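Reviewing the structure listed below.
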Amino acid sequence: MVRQQPRKPKGAPNSAGGQYDTYNSFEQADLPALEAEQTWEMSHGEGGRYEQEHPLPVESSSDMGAGRYGQVDPYTVSPVRPDIRDGSRVGGDLGAIPLQFRDLAHTMWDHVRMTEANLNGADLNHAEFTHADMPNANLTRADLSSSTIRHSDMHGIQAAGTDLTYAQVTDTDMSGADLRHAELHRAKLQNVNLSNARLDGVDFSRADTVSNVDLTGTGLTGASGTFNKIQAMNVLLGFPDTGVCRYSRAGGDRYASMYHAHPDTDAIPDLRVSTETDGPLDSPWTSREAMMASVEDWGVDGRTARQYVALMDKHADYEHGVWRDTDIPLCAQTVARESLARRLSVTG
């Protein structure tokens, strides 16, 4: 006789995707969840049983009627709107609709509003989102593999552990999202705002395309290792309060345009740096004084040398020997000197 296994939340330790646990060390007496499992769920942003005990508030009265979906157990497959199923075309204002753990593969979401919707653990593979307005939605552990997301507002979504394998995300705001441990294998990201997102465990080198992606405020740098295997990419790094850089890779070379604090990134950068150089590189500058000594050998007058150093110094990471937020060596050969001259011609 086959022993019925205790049910565990999708994505929980030793689980089998929200079905039955296959580890014999767990017995029926172990349920409900012990403290350790709840701690795991909370630390991974996984939802599940923690959500059940601390549910999101029901929709406010401003959202077309308070509680139009009633109290729905967020730990089980949602019974709400059974007409929304795999292959459905969906539009309109759905509010904070609970659709957790549903089979929603091949669905088409066009001009839909779903603020704070619960799609935790939903199967959304090959789904299409176009002009989807769903800030702060719960997409934790959702399967978005081979999905298409275009011109959508997904800022603040909870999407830890989401599978974006082969997904195409373009012209979309995901700022402030929780995407910890999201899978980006062969994904294409273009014109995506991920500023201030939580990206622990995300490996961008697994993606096919990372083009014009805003990663400011995330703490990622060109030296983070997450970009190492990408042949071509273009991202915005740093922090607006201290300065940002547009960092790119092309083939084996790395490039960066360095901007001052609170930049208009369409403006002229303070300087451009790259590893596309001839000959060996000098040892990295270890201080502003070392930088000045090198610049004085460029054959410019003293005033110009001081202005060049003033521009470069604020983008220098002397401790690590690189230009700030990059993995580009901090030395004279990596500086495009004409970019410094251009900047000075604008600022006077």
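The values are calculated or read from the model by the stated rules, or taken from the named source; none is laboratory data. Values in this document were obtained by computation on a predicted structure and should not be read as measured data. Virtual Cβ from ideal backbone geometry, glycine too; neighbours counted across all protein chains shown. The accessibility values were calculated without ligands, DNA or RNA, using every heavy atom of the protein model including side chains. Shrake-Rupley method; radii C 1.70, N 1.55, O 1.52, S 1.80 Å.
Might you tell me the accessible area per residue for region 189-348, computed with a 1.4 Å probe and given in Å²? Can you show the working numbers first?
Values: 7470 Å² over 160 residues.
That works out to 47 Å² for each residue.
Can you pull the percent of region 104-214's accessible area that's carbon plus sulfur, 1.4 Å probe, other chains left in place? Carbon-and-sulfur percentage of accessible area, whole number: 39.
Classified by the C-alpha gyration tensor, region 150-242 has a rounded form. Its axis ratio a/c, with a ≥ b ≥ c, is below 1.5. Residues whose amide H lies under 5 Å from that of Thr115, counting only those 5 or more places away or on a different chain, are Gly95; hydrogens are built 1.01 Å from N in the peptide plane.
In the context of the full protein assembly, Arg85 retains an accessible surface of approximately 130 Å², using a probe radius of 1.4 Å and ignoring ligands and nucleic acids. If you take the charge dipole of region 228-316 about its Cα centre, with +1 on Lys and Arg Cβ and -1 on Asp and Glu Cβ, which of Phe239, Val300, Ser283 is farthest toward its positive end? Result: Phe239. Please work out whether region 260-346 counts as rounded, prolate or oblate from its C-alpha gyration tensor, where a ≥ b ≥ c are the square roots of the eigenvalues and a/c under 1.5 means rounded, while otherwise a/b larger than b/c means prolate and anything else oblate? Judged from the Cα gyration tensor, region 260-346 comes out rounded (a/c under 1.5).
With the simple spin-label model, which puts each label point 7 Å out from Cα in the Cβ direction, the Asp83 to His151 separation comes to 2.5 nm. Let a ≥ b ≥ c be the square roots of the eigenvalues of the Cα gyration tensor of region 211-294; is it rounded (a/c under 1.5), or, if not, prolate (a/b larger than b/c) or oblate? Since a/c reaches 1.5 but b/c is at least a/b, the shape of region 211-294 is classed as oblate. Amide H contacts of Arg198 (H built 1.01 Å from N, in plane; Pro and chain starts excluded): Ala177, Asp178, Leu179 sit under 5 Å, all sequence-distant by 5 or more or on other chains.
A cut-off of 5 Å between modelled amide H atoms, ignoring neighbours fewer than 5 places along the same chain, links Glu128 with Thr107, Met108, Trp109, Thr148. The distance separating the Cα centre of region 107-126 from that of region 310-348 comes to 44 Å.
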